[in-house]
Amino acid sequence: MLKSVDVTKKFVGKTAVDGITMSLEPGHIYAMLGPNGSGKTTWMKMAAGLIKPTSGEVLYKDTPIGIESRKEIAYMSTEPYFYDWMTVGDVGKYYKDFFADFSMDNYTDMVISMDLDMKQKVKSLSSGMMAKLKVAVTMARDAKVYMLDEPLNGIDLLARDEVMNMILDAASEDKILLISSHLVEELESVVDKAIFIKQAQLVGVFDVEGLRMTEGVSLADKYRQVFSNLVLEGIA
């Protein structure tokens, strides 16, 4: 349903994504894994229609990403993207104005479950509270594709459990969930597919249970195998 066909993105003096081809299918929860600067965020932004590839294309239902596809793709970026004057309630109203699939009722329930206050100003939120707000407003959409870039950053262990449960509640046979994170162990028990990106290139898309059955390794072990040389080179 979501396809990347030989996608490359170049910025001045840097290739951020280099010839990535892969397909993401409904009914799966994908982890997108790789060190900082590997290309994860850039690829997600192209799939969300925020930036255009230098070459290649991202397709949704066999159609290039555009206005229509963005109606069914929910993307949560790592950067703050709310105005300081907004309250938590205003954030929900803002999304409701832009997205027909946004449910204010679901958003309100998520905000309450996250111990956030609808009247609280966005500018007063801690980094952990902001992280929870971004997840809540993204998951309150009834999208077909959810892409969350580092949703577990800046929040404690218990809050991570709340966030992951919120994300998993959206999982179904007709939806794609894609989560990027450096916290590989946190994703081990919830994802069934893992996309490894190293130095802007796709290493592979792995079945997590298949790794355990055929290679006898966990997702974290596979991550160490793929990226250990890169880490050692960085230390040197």
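Collect the residues in the stretch 53-66 that are touching a residue at least 12 places away in the same chain (Cβ under 8 Å) and either in contact with a Pro (Cβ under 6 Å, 6 or more places away or on another chain) or surrounded by fewer than 20 Cβ atoms within 10 Å (Cβ to Cβ) (or both), keeping them in residue-number order. Walk me through it before giving the result.
Looking only at the stretch 53-66, we keep the residues that are touching a residue at least 12 places away in the same chain (Cβ under 8 Å), and these are 53-62, 65-66.
Those that are touching a residue at least 12 places away in the same chain (Cβ under 8 Å) and either in contact with a Pro (Cβ under 6 Å, 6 or more places away or on another chain) or surrounded by fewer than 20 Cβ atoms within 10 Å (Cβ to Cβ) (or both): T54, S55, G56, E57, L59, K61, D62, G66.
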Exercise for review: Name, by its number, the condition in (1) within 14 Å of the chain's Cα centre (by Cα); (2) surrounded by fewer than 21 Cβ atoms within 10 Å (Cβ to Cβ); (3) modelled with pLDDT under 85; (4) of a type outside the set (S, T, N, Q) that does not hold for E233.
Suggested key: (1)
Point to revise | Which numbered condition E150 fails, given (1) touching a Gly at 6+ places or on another chain (Cβ under 7 Å); (2) modelled with pLDDT of 90 or more | key: (1)
Revision key, fill the gap. K45: passes all of (1) assigned to a loop (DSSP other than H, G, I, E, B); (2) of a type in the set (D, E, K, R); (3) within 15 Å of the chain's Cα centre (by Cα) but (1)
Study note, to complete from the structure: For the stretch 1-15, pairs from a residue that is at negative phi and among the charged types (D, E, K, R) to a residue that is in a strand (DSSP E or B) and surrounded by 14 or more Cβ atoms within 10 Å (Cβ to Cβ), with Cβ under 6 Å and 6 or more apart or across chains, are K3/L59; K9/A16; K9/V17
Exercise for review: Only residues that are part of a loop (DSSP other than H, G, I, E, B), surrounded by 15 or more Cβ atoms within 10 Å (Cβ to Cβ) and hydroxyl-bearing (S, T, Y): list them for the stretch 148-204, please.
Suggested key: S181
Study note, to complete from the structure: Out of (1) at pLDDT 90 or above; (2) in contact with a Pro (Cβ under 9 Å, 6 or more places away or on another chain), the one V111 does not meet is (2)
Exercise for review: Report yes if some residue within the stretch 221-229 is modelled with pLDDT of 85 or more, buried (at least 19 other Cβ atoms within 10 Å of the Cβ) and not charged (D, E, K, R); otherwise report no.
Suggested key: yes
Practice item. Return the only residue of K71, K93, K14 being among the basic types (K, R) and modelled with pLDDT of 95 or more. Key: K93
Check your understanding: Quick one: what pairs do we get from the stretch 86-98, first residue assigned to a loop (DSSP other than H, G, I, E, B), second not aromatic (F, W, Y), C-beta under 6 Å, 6+ apart or different chains?
Key -> M86/V122
**Study point:** Search result, residues across the stretch 32-52 that are crowded, with 17+ Cβ neighbours inside 10 Å and not polar (S, T, N, Q)
**Key:** M32, L33, G34, G39, K40, W43, M44, K45, M46, A47, A48, G49
Review point. Taking into account only those residues within the stretch 185-210 that are free of Cβ contacts under 8 Å to residues at least 12 places away in the same chain and not hydroxyl-bearing (S, T, Y), which is nearest to F11 (Cα to Cα)?
Key: G204
Review point. Which of (1) farther than 27 Å from P35 by Cα; (2) surrounded by fewer than 16 Cβ atoms within 10 Å (Cβ to Cβ) is the odd one out, the single condition T108 does not satisfy?
Key: (2)
Check your understanding: Looking at the stretch 133-147, which of the residues that are over 12 Å from the mean Cα position of the chain (by Cα) and part of a helix (DSSP H, G or I) is surrounded by the most Cβ atoms within 10 Å (Cβ to Cβ)?
Key -> A136
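The values are calculated or read from the model by the stated rules, or taken from the named source; none is laboratory data. Predicted model only: the values in this text are computed from it and were never measured. When we count neighbours, we look across all protein chains shown, and the Cβ atoms used for this are built from the backbone with ideal geometry, even at glycine.
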